[in-house]
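A short worksheet on the structure shown next.
The values are calculated or read from the model by the stated rules, or taken from the named source; none is laboratory data. It should be emphasised that the depicted structure is a prediction, and the values quoted were computed from it without experimental measurement. Note that we place each Cβ from the backbone using ideal geometry, even for glycine, and neighbour counts take in every protein chain shown.
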Amino acid sequence: MNLVTVSGPPSTGKTSVILKVIEALKLRDIFVGVVKFDCLYTDDDILYEKANIPVIKGLSGSLCPDHYFVSNIEEVVKWGRKKKLDLLITESAGLCNRCSPYIDGITSICVIDNLSGVNTPKKIGPMLKAADIVVITKGDIVSQAEREVFLSRVNSVNPKATTMHINGLTGQGAYELSTLLYDEKQDIDRVQGNRLRFPMPSALCSYCLGEIRIGEDYQMGNVRKIKLGDEDE
């Protein structure tokens, strides 16, 4: 079984891209399943079910979705093996843009869209910088000049990644991506003991543990204060 991790900011078109890619993979008789990670709500699993794609979803609730992902990825791989999948795709939204859900040795894809603004690539951390493949969506809505500027900003942040444009509605570019996702020589049996490419966002403070009162008297643990520049006044 192969394993691929897909992440990106919310509403960039990750699910649409995955569905189009799976259509192309099915033409090669590759059996694909999906695990959808999200926070509070998602109905994307219904879209996968309608396409006859094995799917499970996990909602992290009050937890960071990527911490939730890492805590459950081993069980997810076991599920994929039990289903006898050729390829398992995990999908997760990077809500804080600091997320880092990528694992060494596992193909990683970051999906971003042209409508997010030319400076967005600089605002995204390891989720973009550590990706093997960067997929840019919604290019049909902006001009050619805007596409080129956005692409150059992506390349400046992650020059090593394979970058490609995909239309999630028509599927243009999805076949090309599908050819990069499945390797017959690869067989993921387990990920226990594997390493993340970059540490997860660190946060363990009183608010993580349920505190709702504001003020220094109620702040404990990992707390960082803003520099106001008026210490000497």
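When the residues of the stretch 176-225 are filtered to those that are in a helix (DSSP H, G or I) and at pLDDT below 90, which remaining residue is surrounded by the most Cβ atoms within 10 Å (Cβ to Cβ)?
Restricting attention to the stretch 176-225, the residues satisfying the condition of being in a helix (DSSP H, G or I) are 176-178, 216-218.
When the remaining residues are screened for being at pLDDT below 90, the result is 216-218.
On the way: E216: 8, D217: 7, Y218: 12.
Going through the qualifying residues, I end up with Y218.
Just name the residue that is surrounded by the fewest Cβ atoms within 10 Å (Cβ to Cβ) out of those in the stretch 44-99 that are over 21 Å from L181 (Cα atoms) and among the hydroxyl-bearing types (S, T, Y). In this case the residue turns out to be S62.
Taking the stretch 20-36, which residues are part of a helix (DSSP H, G or I) and among the acidic types (D, E)?
First, the residues of the stretch 20-36 that are part of a helix (DSSP H, G or I): 20-26.
Within the stretch 20-36, just E23 meets the criteria.
Against the test of being closer than 30 Å to R147 by Cα, surrounded by fewer than 16 Cβ atoms within 10 Å (Cβ to Cβ) and among the β-branched types (V, I, T), the options V118, V34 yield a single qualifying residue, V118.
V17 meets the conditions (1) touching a Ser or Thr at 6+ places or on another chain (Cβ under 8 Å); (2) closer than 24 Å to I141 by Cβ; (3) not in a helix (DSSP H, G or I) in every case but one. The failed one is (3).
Taking the numbered list (1) surrounded by fewer than 16 Cβ atoms within 10 Å (Cβ to Cβ); (2) farther than 16 Å from G94 by Cβ in turn, F150 passes all entries but (1). Every condition in (1) loosely packed, with under 15 Cβ neighbours inside 10 Å; (2) under 20 Å from the mean Cα position of the chain (by Cα); (3) without any contact (Cβ under 8 Å) to a residue 60 or more places away in the chain is met by G173 except one, and the failing one is (1). Against the definition (farther than 16 Å from I188 by Cα and surrounded by fewer than 21 Cβ atoms within 10 Å (Cβ to Cβ)), how does D29 come out, yes or no? Spelling it out, D29 is indeed farther than 16 Å from I188 by Cα and surrounded by fewer than 21 Cβ atoms within 10 Å (Cβ to Cβ).
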